[in-house]
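To keep things clear, I will list the structure first and then write my remarks on it.
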Amino acid sequence: MAGEQLALTVLMGVFLVGVVALLSRMEDLRTYTPLGSGSAGYGDETSHGHKPAGLIRWLTTVDHKDIGILYGVYATIAFVWGGMSVMLMRLELTTPAMDVLAGLGGNAFYNGLLTSHGITMLFLFGTPIIAAFANYFVPLLIGADDMAFPRINAIAFWLLPPAALLIWGGFFLAPLTGGAVEAAQTSWTMYTPLSAEQANAGVDLMLLGLHLSGVSATMGAINFVATIFTERSGKVNWANLDIFSWTILTQSALILFAFPLLGSALIMLLLDRNFATTFFAVEGGSPILWQHLFWFFGHPEVYILVLPPMGLVSWILPKFSGRKLFGYKFVIYSTLAIGVLSFGVWAHHMFSTGINPRIRASFMAVSLAIAIPSAVKTFNWITTMWNGKIRLTAPMLFCIGFVANFVIGGITGVFLAAIPIDLVLHDTYYVVGHFHWIVMGMIAFAGFGAIYYWFPLVTGKMYQKTLAKWHFWLSEIGVSITFFAFLLLGYLGMPRRYATYEFSGAIAPLTQITTLHQVATVGAFIILFGQIIWVWNMAQSYIEGPVVQDGDPWDLKETGQHSREFQWFEEELTADEDSLALTDGGESDDEIRADGGEVEAAVRRVDDE
């Protein structure tokens, strides 16, 4: 087994060396053209108008819009994987005994699903879906031609598919190796000594995949910082930089400080597993050291995932309130405050580990304090809607749902920041309910709202609005049922991460626990039905939806909020109309602007290329 693990580690090392060798052969990382074309360096004429057709285009593209779409498709696939894994888990939990998964591996398979679900939703869905919006729209919003380093942008994405294969690899290799390699069963937190001593090469694959995803995120963060600092048009300064770009800039700074630490901890854990080092061994360093290193990354990671969705809501919600965002500067200041404070709260995950009570109290104080800038944002969103001309479109419904879920998810988190309460509720389903109200109720809701808001711009089509509202209501109802049941299960003492459960009547009636698990499963199926509607709506509308003829599909000009990305979209529609007119033999002396910057001779729509 040790030899197999060592071989896998060496193989992954060879792969990484190959990636470095490929990078070293590139003549100019700031080139806009696909690999192998060898022309058009940065500063030359930066046209994306002559892209290859079919699959080659998507494999070689460095256009920020194409890469944004690739991130979005990737995140959707990961969302489906993570959703299906949790549905199997919820089916198993409808009864106290091991029933549904008994023939698939029992507890081991459940633990593999648990680990895969957490890592997939956080690292393979949460971060990439934010990168999808940021890649596509940040250059348009700041008036840039493209990202500062287009090739690095492409490399950052193409590190993610192998990362997913490594993380999920244990599921595929288990039947091929007769169970010698299985899916990792460490939970997404990978606590030692379990993760260090689990004799399963699938754990090594998962750790290497996580490392790749961290490298990808770090490369993207460097690119966004460079782009926002150096590629803004002359009309965009720090005073009028859009709120979404502010949150992406803050997120990128958090990534640069947090992800390298995760990468270092992962390497230390790999060394413990394969080369007998003792960083996290009981007789060497300490298993608690892993918790400190992981949560110093892990809690900023929560805000890495939450701040950009907050920026999306701050950008979209005013558009359907008929008013500009109330307290623009305070929203920015609160974003920066959350970013700074996020590095001072990690030990609230460790209140029950026996750390010094005085140190524990200081972390409680900072954990309570970080709720203040979060509350500032909430009041700003509510005030923006107050006395506004609210239009309950699908993007607006998801933004309102985001705010409502944030209130519940945030308040439950404030309770966990108090040491006496946390000692009672730690590692129960209360924590799961709180966290999922944030991840699903906020991150996913903001993502859906942004998808509906920008769908006409990206595809040139309009979705079915009735189905979009069905998607919202099913999602909101399902989230409320499922995660409120989780909170109640936590109050009754149901521990997290268990496939089976048995309770003494002195703690809680087993029938009550079972009923709440069944209620949560019903809510999860309601969420599932909502997402099926969403996938159908997106696919059907992309293929057969009505073509958008107006560059202002949301009537934003009426309230003076026709922003830069839709101004670009309007110019693209005009360019398409001009190109159609030229097919009749006409001539044009006009040059057309694309991507908010450089003047080009001809422009194609993304969906027409």
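The values are calculated or read from the model by the stated rules, or taken from the named source; none is laboratory data. Predicted model only: the values in this text are computed from it and were never measured. Using ideal geometry, Cβ is built from the backbone for each residue, glycine included, and neighbour counts are taken over all protein chains shown. To get the accessible areas, we keep the full protein, side chains included, count just its heavy atoms, and leave off ligands, DNA and RNA. Shrake-Rupley method; radii C 1.70, N 1.55, O 1.52, S 1.80 Å.
The angle between the Cα long axis of helix 445-459 and the longest principal axis of the Cα atoms of the chain comes to about 30 degrees, rounded to the nearest 10. Here the Karplus relation 6.51 cos²θ - 1.76 cosθ + 1.60, evaluated at θ = phi - 60°, turns the backbone of region 155-171 into coupling constants of 4, 4, 5, 6, 6, 6, x, x, 4, 5, 5, 5, 5, 8, x, x, 5 Hz, with x for every Gly and Pro.
In order along region 183-198, phi translates into HN-Hα couplings of 5, 4, 10, 10, 6, 6, 7, 6, 4, 8, x, 4, 5, 7, 10, 6 Hz, rounded to whole numbers, per the Karplus curve 6.51 cos²θ - 1.76 cosθ + 1.60 with θ = phi - 60° and x for Gly and Pro. Proximity of backbone amide H atoms, modeled 1.01 Å from N, is registered between K461 and V548 at under 5 Å, excluding neighbours fewer than 5 places apart on the same chain.
Projected onto their three principal axes, the Cα atoms of region 62-228 cover extents of 58, 31, 28 Å, largest first. For L289, the accessible area of its heavy atoms, probed at 1.4 Å with every protein chain present, is near 60 square angstrom.
Pairs K319/K461; K324/K377; K235/K469; K319/K465: which are spaced more than 26 Å apart, C-alpha to C-alpha? Before the final figure, lay out the partial values.
On the way: K319/K461 20 Å; K324/K377 14 Å; K235/K469 37 Å; K319/K465 17 Å.
From K319/K461; K324/K377; K235/K469; K319/K465, over 26 Å: K235/K469.
Each principal axis of the Cα atoms in region 390-461 has its own extent, and those three values, largest first, are 53, 23, 14 angstrom.
Could you give the accessible area per residue of the chain, probe 1.4 Å, as a whole number in Å²? Present the calculation step by step, with values, prior to reporting the outcome.
Working: 24660 Å² over 609 residues.
Normalised by residue count, the accessible surface of the chain is 40 Å².
Ordering M147, M84, M462 by accessible area with a probe of 1.4 Å, largest first, what comes out? Don't skip to the end; give the middle numbers.
On the way: M147 0, M84 95, M462 25 Å².
Reading off the accessible areas and sorting them downward yields M84, M462, M147.
Taking only protein heavy atoms and a 1.4 Å probe, the accessible area of the chain is 68% carbon and sulfur. Relative to the longest principal axis of the Cα atoms of the chain, the long axis of helix 564-582 lies at roughly 50 degrees. Could you work out how far the C-alpha centroid of region 316-364 sits from that of region 436-475, in angstrom? Between the Cα centres of region 316-364 and region 436-475 lies a distance of 26 Å. For T428, the residues whose amide H sits under 5 Å from its own are R496, ignoring neighbours fewer than 5 places away on the same chain, with H placed 1.01 Å from N.
As an exercise, use a Förster radius of 25 Å and the Cβ-Cβ distance of V414 and W386 to find the FRET efficiency, rounded to the nearest 0.05. Numbers along the way, then the final one.
Numbers: r = 24 Å, r/R0 = 0.96.
After rounding to 0.05, the efficiency reads 0.55.
Distances between placed amide hydrogens fall under 5 Å for T277 paired with D272, all partners being 5 or more residues away or on another chain.
Helical runs (DSSP H, four residues minimum) scored at -39500 (n - 2.57) apiece and divided by the length of the chain put the mean residue ellipticity at 222 nm at -22000 deg cm²/dmol.
Between the listed residues G523, T500, S480, the Cα displaced farthest toward the positive end of the dipole of region 462-550, a dipole computed from Cβ unit charges relative to the Cα centre, is found at T500.
Against the chain, whose longest principal axis comes from its Cα atoms, helix 127-142 is set at around 30 degrees.
Couplings 3J(HN,Hα) for region 111-121, derived from phi with the Karplus relation 6.51 cos²θ - 1.76 cosθ + 1.60 (θ = phi - 60°), are 5, x, 4, 4, 5, 5, 4, x, 5, 5, 5 Hz, where x marks Gly and Pro. Could you give me D for region 393-547, from Stokes-Einstein at 20 °C and 1.002 mPa s, where the hydrodynamic radius is the Kirkwood radius over C-alpha pairs? Units µm² s⁻¹, please. Approximately 128 µm²/s, per Stokes-Einstein. The mean of 1/r over all pairs of different alpha-carbon atoms in the chain, once inverted, gives a Kirkwood hydrodynamic radius of 25.4 Å.
Over the chain, what is the mean sequence separation of C-alpha contacts under 8 Å (at least six apart), divided by residue count, expressed as relative contact order in percent?
On the way: 918 pairs, mean separation 88.1, N = 609.
Relative CO of the chain lands at 14 percent.
Percent relative contact order of region 62-228, based on C-alpha pairs within less than 8 angstrom and at least six residues apart? Before the final figure, lay out each step's value.
Numbers: 219 pairs, mean separation 49.1, N = 167.
Computed value for region 62-228: 29 percent relative contact order.
Please work out the Cα center distance from region 90-152 to region 210-277, rounded to the nearest Å. That distance is 18 Å.
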